[in-house]
Amino acid sequence: MDQVVKVLIVEDDFIISEELKQRLLGFGYKVLGPVDNTQEAENLIRTESPDVLLLDINLNGKEDGISLAERILASHQVAIIFLTALSDEKTLIRAKKIKPAAYIIKPYEERNLAIAIDVAFSNLSDQKLDNGYLIKDSFFIKDANRFTKIRLVDILFIEAKGSYSIITTENKSYTLTINLKNLLSKFSGSALYRIHRSYVVNIKQIEAFDGHQVIIGKYKLPVANSYKEAFFKRFRFI
């Protein structure tokens, strides 16, 4: 299932946190929190795996946001955006070591926040696609005015349309401005496998196949002769 990008708000000012929540919902993101301390933030990061951490530096409790970011980045892939009233040199030096996607000074402008979250994916990604960003087992596609996260396992198949590639999931299709050969090279080692010059399928989504076609749900996709032998070797038969 395609997933909306998840943003965790860590902010100790109730009014600001609620305002942020409403604005992020308006941008089309899924909002986690808000929470006002590092312990609750860590619990949500472990259980919900947010994509972006919108983080104040002054927080309730003994630790601040920079310390939290240092610890989280050691074990989680998440984009960090600091949103703070602090702009002194000492704080900036500490924050820069984290290499955040953005450092926004309060009071912030809505447009600057939207741009910062957009840019955050360039730090989060392993590779950049023309329409989005690729990370480990998922990728983000720019869909209208927001990024939508798609897990590789949820792809049904990918179709070549000239210099474009159309990714089909159970719920929707997405068009990327990259040809199928180059796109497939970015997914090496995954369950995506080419069966035709125009089609790549997710082997884990296949329901049935014969010598001529693959069936995935309501879709029947052709298997080209030049790909048959290599394709059939991917399966065990009883």
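The values are calculated or read from the model by the stated rules, or taken from the named source; none is laboratory data. Keep in mind that what you see is a predicted model, and the values were worked out from it rather than measured. Reconstructed Cβ throughout: ideal geometry from the backbone, glycine too, with neighbour counts over all protein chains shown. Side chains are part of the model used for accessible areas, which takes the heavy atoms of the whole protein and leaves out ligands, DNA and RNA. Shrake-Rupley method; radii C 1.70, N 1.55, O 1.52, S 1.80 Å.
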So which residues in the range 70-98 are in contact with a helix residue (DSSP H, G or I) (Cβ under 7 Å, 6 or more places away or on another chain) and in a loop (DSSP other than H, G, I, E, B), if there are any at all? His76, Gln77, Val78
Between a residue in the range 93-112 that is closer than 8 Å to Leu83 by Cβ and free of Cβ contacts under 8 Å to residues at least 60 places away in the same chain and any residue that is of a type in the set (Phe, Trp, Tyr) and open to solvent by less than 40 Å² (accessible area, probe 1.4 Å), which pairs come within a Cβ distance under 7 Å, given they are 6 or more apart or on different chains? Ile104/Phe82
What number goes with the only condition from (1) open to solvent by 40 Å² or more (accessible area, probe 1.4 Å); (2) of a type in the set (D, E, K, R); (3) in contact with a Ser or Thr (Cβ under 7 Å, 6 or more places away or on another chain) that Asp56 does not pass? (1)
Scan the range 43-53 residue by residue and report those that are modelled with pLDDT of 90 or more, open to solvent by 20 Å² or more (accessible area, probe 1.4 Å) and within 19 Å of the chain's Cα centre (by Cα). Leu44, Arg46, Thr47, Glu48
Search the range 148-170 for residues that are without any contact (Cβ under 8 Å) to a residue 60 or more places away in the chain and within 19 Å of Val214 (Cα to Cα) and pair each with any residue that is in a helix (DSSP H, G or I) and open to solvent by 20 Å² or more (accessible area, probe 1.4 Å) when their beta-carbon atoms are under 7 Å apart and the residues are at least 6 apart or on different chains. Val153/Lys204
What pairs can you find where one residue is in the range 208-235 and under 18 Å from Glu159 (Cα atoms), the other is surrounded by 14 or more Cβ atoms within 10 Å (Cβ to Cβ) and of a type in the set (Ser, Thr, Tyr), and their Cβ atoms are less than 6 Å apart, with a gap of 6+ or different chains? Leu221/Tyr199
Can you tell me which residue in the range 98-126 is modelled with the lowest pLDDT, limited to those that are open to solvent by 40 Å² or more (accessible area, probe 1.4 Å) and over 29 Å from Phe187 (Cβ atoms)? Arg111
Candidate set: the range 168-188, residues that are open to solvent by 70 Å² or more (accessible area, probe 1.4 Å) and of a type in the set (Gly, Ala, Ser); chosen: the one nearest to Asp143 (Cα to Cα): Ser185
For the range 59-88, give me each residue that is among the charged types (D, E, K, R) and open to solvent by 50 Å² or more (accessible area, probe 1.4 Å). Lys62, Glu63, Glu70, Arg71, Asp88
So which strands (runs of 3 or more DSSP E) are wholly in the range 139-213 and hold at least 3 residues that are closer than 24 Å to Gln77 by Cβ? 146-151
State which residue is modelled with the lowest pLDDT when the search covers only the range 200-221 and only residues that are more than 20 Å from Ser190 (Cα to Cα) and open to solvent by 50 Å² or more (accessible area, probe 1.4 Å). Asp210
Restricting attention to the range 10-30, does a residue exist that is in a strand (DSSP E or B) and crowded, with 20+ Cβ neighbours inside 10 Å? yes
